[in-house]
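For reference, the structure discussed in these notes is given below.
Just so you know, all these numbers are worked out from the coordinates, no wet-lab data involved. Here the structure is a predicted model, which means the values were calculated and not measured. Reconstructed Cβ throughout: ideal geometry from the backbone, glycine too, with neighbour counts over all protein chains shown.
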Amino acid sequence: MAAQIDYYEVLGVARDADAQEIKRAYRKMARELHPDVNPDPEVQDKFKMVTAAYEVLSDPQKRRLYDGGVDPLSGGGPSAGFDPFDLMETFFGTSGPRGPRPRSQRGQDALVRIEVELAEVLFGSERDITIETAIACGVCEGAGNAPNTEIITCTMCKGRGEVQMVQRSFLGQVMTTRACPQCRGFGNQIPNPCHECSGDGRVRTRRTVAFRVPPGVDSGTRIQLTGEGEVGPGAGPAGDLYIEILEKAHPVFQRDRDDLHCTLRVPMTAAALGISIPLETLDGEQTVVVDSGTQSGSQRTMPGLGVPHLRAQGRGNLIVEVEVLTPTELTGEQKELLEQLSQLRGEEEITVNPVEHNSGFFGRLKDAFAGR
């Protein structure tokens with residue numbers, strides 16, 4: 001094609017036309033000028049010119065060269081690098097496969113959920129888990145063919161893994177490429193598959209995997225074991241195994257992030273007089289001091305006895321809430337003693353004292369404004 005040919009004029013578009021305008025113009029002209037629609041030799045020459053113009057203007061790099069005064073086609077129709085499958089992609093939005101695909105592929109990842117005790121969360125543990133998974137076939141070593149047999153080149157695609165087919169469309173005959181139906185795109189065939197794995201190169205079995213539960217994990221935490229998942233087809237690389245942690249509820253301690261909470265119930269007399277109570281924690285026996293006059297709902301914080309921080313040093317706290325137990329059934333003697341105590345403390349009559357709402361900062365502020 002001569003250098004003086006104006007590709008923009010050939011397609012009938014402006015020099016600042018965008019890619020979509022160029023594509024629409026080419027489609028319209030291709031429908032009218034395709035040789036199957038109009039076999040006139042002059043029309044065929046024009047169709048080649050239109051195709052060449054589209055090749056240049058649809059490629060940003062070639063278009064820049066052309067706009068700079070250089071014909072990227074070097075003067076005469078589509079270049080040697082023009083791919084007919086790019087034309088197919090223009091009209092159908094996709095292109096065919098390219099070459100045979102390997103039999104060896106990466107295996108799938110696996111997910112297993114396990115329950116752990118609170119003690120394991122605090123101190124970590126070593127665990128074993130038995131899973132059903134795929135491993136490389138020991139008979140064919142992943143090749144897929146029976147011992148003393150060979151894998152042969154596919155007779156249909158000649159090892160390419162793909163075949164070309166001609167289909168009729170509004171443009172006439174269009175060549176498409178698809179995976180070879182005989183070898184499924186591998187480019188070769190296994191006439192004598194392994195009897196153990198049926199040609200897949202892997203078999204299913206049960207195996208035990210050892211792993212560590214790190215201190216500080218929580219429900220939902222996933223531990224990744226690289227390469228411990230399923231072996232891929234053709235003995236391909238194994239995927240990863242993910243172990244998701246589910247923390248069991250503890251009968252005494254409740255977890256709140258990295259803190260542990262528990263409730264200590266003490267008799268009314270012990271709360272009034274004060275007492276030291278031994279508490280069995282996951283770190284061993286600890287002493288909780290209940291001061292005299294302790295009220296129900298008060299808390300005692302025991303630092304460093306909570307859950308370890310998963311990605312930092314240190315541990316949370318153990319928070320002990322004191323619940324004062326009021327007796328509900330009294331003997332006559334006990335009731336008499338409590339009445340004597342009530343008299344000694346002057347508590348025979350109960351006076352309800354209203355809450356002073358203005359005792360706080362905002363109350364004082366309100367009073368200051370009210371006194372103005």
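What the table shows:
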item: Within straight-line cross-link reach of K158, aspartates and glutamates at Cα separation under 19 Å, skipping those fewer than 8 residues along the same chain; result: E150
item: Amide H within-cut-off set for V116, under 5 Å, with H built and near neighbours excluded; result: L246, E247, K248
item: √(5λ) per eigenvalue of the Cα gyration tensor, the stretch 110-247, largest first, Å; result: 45, 22, 9
item: Within straight-line cross-link reach of K48, aspartates and glutamates at Cα separation under 18 Å, skipping those fewer than 8 residues along the same chain; result: D6, E9, E32, D36, D40, D59, D71, D83, D86
item: Candidate lysines for bridging to K46, where Cα separation is under 23 Å - those fewer than 8 sequence places away on the same chain excluded; result: K23, K28, K62
item: Cβ-Cβ FRET estimate between H250 and R204, R0 fixed at 35 Å, reported to 0.05; result: 0.40
item: Local electrostatic count, V266, Cβ distance below 14 Å [Lys/Arg +1, Asp/Glu -1]; result: -1
item: In range of the label at E150: residues from the stretch 192-226 whose backbone nitrogen is under 16 Å from the point 7 Å along Cα→Cβ; result: 192-193
item: Two-site label geometry, R345 and N192: point separation in nm, points 7 Å out along Cα→Cβ; result: 9.7 nm
item: Charge sum, other residues only, whose C-beta stays under 14 Å from C137's C-beta, Lys/Arg counted +1 and Asp/Glu -1; result: -1
item: All Cα pairs of the stretch 254-344, percent lying beyond 24 Å; result: 35 percent
item: Simple spin-label estimate for H261 and A312 in nanometres, 7 Å along Cα-Cβ; result: 2.1 nm
item: Sites R31 and R64, calculated FRET efficiency, Cβ-Cβ separation with R0 35 Å, nearest 0.05; result: 0.80
item: Value of D in µm² per second that Stokes-Einstein yields for the stretch 170-228, Kirkwood Rh from Cα pairs, at 10 °C (1.306 mPa s); result: 90 µm²/s
